[in-house]
Amino acid sequence: MKRKMLPPISLLVFLILTNGLWAQSQFSAAAKRLNKRVETRLHRSSKNTLSLRNQHQVLKGFACSASNQGLYIDGLIKVNQDFDATQLQEHGIITRPAAGNIVPLKIPVAKLGVLADIKGIEYLEVDTPIKTKLDVALVQAGVQPAYQGIDLNQAYTGKGVVVGILDGGFDYTHPMFYDAEGDLRVVRGWDQIDDYGPAPEGYDYGTELVAFEDFNAVEVSMDAEENSHGSHVAGIAGGSQVDPNNSRGMAPESELIFITLGGGNSVIVDGAQYIFDYAEDHNMPAVINMSLGSHIGPHDGNSLLDQAFDSMTGPGKIFIGASGNEGDMPLHLKSDFSESNDPVKTLMMFEQDDNYGSGTLEIWGSPNSSLQISISVLDPNFEVVDYSALHDSSELDGVYVFDVASDDSNGVACEIAVTPCSPLNNKPNIQIYAENDEEDYTVLIKAYSPDGVVEMWNHGTGYGAPLASNEIEGLTAGDINSTMGEIGGTAKSVITVGAYTTKNTYMDYLGQEQEINSWAEIGEIAPFSSRGPTADGRMKPDITAPGNVVVSAGSSYDYTLRDKKIVTLIDDQWPMIALAGTSMATPCVVGIVALLLEADPTLTHDDIIDLFWYTAIIDDFTGDLPEGDNTWGLGKIDAQGALQALEGGLLDPDPNAVEILD
């Protein structure tokens, strides 16, 4: 069959329509994506230029490099005999020695599109991060290039930085906590629970561990019931390489301090101060890991613990905390009564079971307002068995008891603590502690404010429990907004971390494939990762990191470990285990911040947030994050990108640097 010749007019139209397509065909898929970002940002810019911030935004997810002139995207072009490198030099594009007709080059971000008009270029590929064979958390977080000093002034390992872990379940014998010469890298320990030795100077409880002999004694006396949480967290933050799979921490040459917590918020303050004091005495910066959480408190950064964090933080003194593992738990409820006079009614559920057990509910009103609540007990048909008096914060101040007994002497017992105006924030506060021993009963909470907002969190016993409607008309279920916890998720001076997914399956040490509990697509937010905002409207988390699932140290004394959690047994004794949680994402960030502090020991909380702002990765999972959001924060952490930005003078107060950021 003969081909038909296109009429001249048709040929002209065809050429016009395909001219742009030809330019696109020269670009790889990744280059097209990046070029689209650049074009979009340039279109929004009144100066038709890209600020440094916009450059970092468009380069999230790509392999870039920095220089005094700004950010570059690295790539490769395939050229033919018509190619003339001087055409590139006019646009500030830098070429490197060619391999045949393949030319490596560095392209100013805003100039990517001009390559479509350069003669002799047949194809362009822009660089994306290279995957290596080690635990994927290190790769996803951009730490491996930092170890090797790729596109950096030096390699970074956390040397000269203190990493403090506030936790429990530490195995001081685990190889992850020893260096290549066999020396223990844990320079101090404080067991706040047991008094088998002298307490630290200035404190009257627990045992300080200083010499190797002290840690060796813990090896013998360690209680297996302490489990593996602290060991796992510490291994992620600063563990040494221990196996052929390169399972190691983010800052493998940092100095470690382990605090075995023995109580509540006050001992957290003690432990943090102990770590910072050691670091100051040794002229070192320090970063503290708090994979801890609670829903007791105002969630607005004004708790005493949050205020203590604010007073302790400063240059070279950094707190990192977990957002929480309640991202898929509808434990939060907020009602604005400026447009409604109907009380909000919800069911207080419990962790042990859907409707019975014990737990605590926190309720807060607006500043300088009043808050009213009452409690009803419902039978299996959701008919009212009994109800409490109305507790009005404008009239009451104290603790009130409400009990309902069933025929078999089980029932509901409640303590209701009313505070008319909290000195923390001038908000009324009512806290309800309830015990429900009758599984046929359900506890209903009715709340109202005649002049403001009511916000509540169902703390449960510490892990969070739902607020439910059971599809009953007139009742309101909880939501998954503002599920970040106190301690790690609410303070103004704590960098809060959410978790995303880097593994769906893994092989246990018996060769059996295991599927993770909180399944999500690789790269997606972990379903459990708690979300913001805080009660005062701040974005949380600040950043996300691998946390679903991460392989790290387990305690050899932990009898609760199951085979399916163990990925490797080192020398048939020390486990490497797979765990998930924002507890795991938090030490990823802690270790990376240790690398940043190695580069600049004077960094502050705000400095680090600025570095994350400009360098965090955004991709198809995060979506565009021009200002961050309450699921991803500023995006996914990128250690190499943050170090490049720091080395490149992002935080330089020089006026010229400010002009670049404009």
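Computed from the alpha carbon atoms alone, the convex hull of region 244-297 holds 121 Å³ per residue.
Where the alpha-carbon atoms of the chain are placed on the principal axes, they occupy 93, 69, 58 Å, in descending order.
Taking the centroid of alpha carbons for each part, region 417-480 and region 522-561 are 25 Å apart. Scanning the chain for long hydrophobic helices, with DSSP H runs required to stretch 20 angstrom or more by C-alpha along their axis and to average at least 0.0 on the Kyte-Doolittle scale, returns 8-25, 582-599. Accessible surface computed residue by residue for region 139-222, with neighbouring protein chains in place and a 1.4 Å probe, gives 43 Å² per residue.
Rg and Dmax of region 381-512, both derived from C-alpha coordinates alone, stand at 19.6, 65 Å.
With both bridge residues required to lie in the chain, what share of the DSSP beta bridges run antiparallel, to the nearest 5%? Antiparallel bridges make up about 75 percent of those DSSP assigns within the chain. Using a cutoff of 8 angstrom between alpha carbon atoms and counting only pairs six or more residues apart, the relative contact order for the chain works out to 17 percent. Loop exposure criterion: GluC sites (Glu not before Pro), DSSP state outside H, G, I, E and B, at most 12 other Cβ atoms within 10 Å. Applied to the chain, the longest stretch between such sites is 202-338.
Go ahead and estimate [θ] at 222 nm for the chain from helices alone: -39,500 (n - 2.57) per DSSP H run with n ≥ 4, summed, over the residue count, rounded to 500. Calculated mean residue ellipticity at 222 nm is -6500 deg cm²/dmol. Post the alpha-carbon centroid distance, region 273-337 to region 389-403, in whole angstrom. Centre-to-centre (Cα) distance: 31 Å.
When the chymotrypsin sites (Phe, Trp or Tyr not before Pro) in region 144-214 are filtered for DSSP coil states and for at most 16 other beta-carbon atoms within 10 Å of their beta-carbon, the remaining sites are Tyr196, Tyr203, Tyr205. The share of accessible area on region 529-652 that comes from carbon and sulfur is 46 percent, using a 1.4 angstrom probe.
Checking every one of the chymotrypsin sites (Phe, Trp or Tyr not before Pro) in region 490-575 against DSSP loop status and a limit of 12 other Cβ atoms within 10 Å picks out Tyr559. Rounded to two decimals, the Cα radius of gyration of region 328-454 over 2.2 N^0.38 Å is 1.05. Beyond 21 Å, what share of the Cα-Cα pairs of region 524-662 is found? Please give it as a whole percent. Tail of the P(r) past 21 Å holds 53 percent of the pairs.
Ordering Val443, Ser303, Ala616 by Cα displacement along the dipole of the chain toward the positive end leaves Ala616 in first place; charges were set at the Cβ atoms of Lys, Arg (+1) and Asp, Glu (-1). The residue list Val162, Pro601, Phe212 was ranked by how far each Cα lies along the charge dipole of the chain toward its positive end, using unit charges on Cβ atoms, and Pro601 comes out on top.
Sites listed here are trypsin sites (Lys or Arg not before Pro) in region 506-585 whose DSSP assignment is loop and whose Cβ has at most 12 other Cβ atoms within 10 Å: Arg562. Dipole magnitude for the chain: about 4820 debye, using +1 per Lys or Arg Cβ and -1 per Asp or Glu Cβ, origin at the Cα centre.
With R₀ fixed at 45 Å, the C-beta to C-beta distance from Ala180 to Ser340 puts the FRET efficiency at about 0.10.
The values are calculated or read from the model by the stated rules, or taken from the named source; none is laboratory data. Predicted model, so just to flag it, every value in this text is computed and none were measured. Here the Cβ is made from the backbone with ideal geometry for all residues, glycine too, and neighbour counts use every protein chain on show. These area figures cover heavy atoms from the full protein model, side chains too; ligands, DNA and RNA do not enter into them. Shrake-Rupley method; radii C 1.70, N 1.55, O 1.52, S 1.80 Å.
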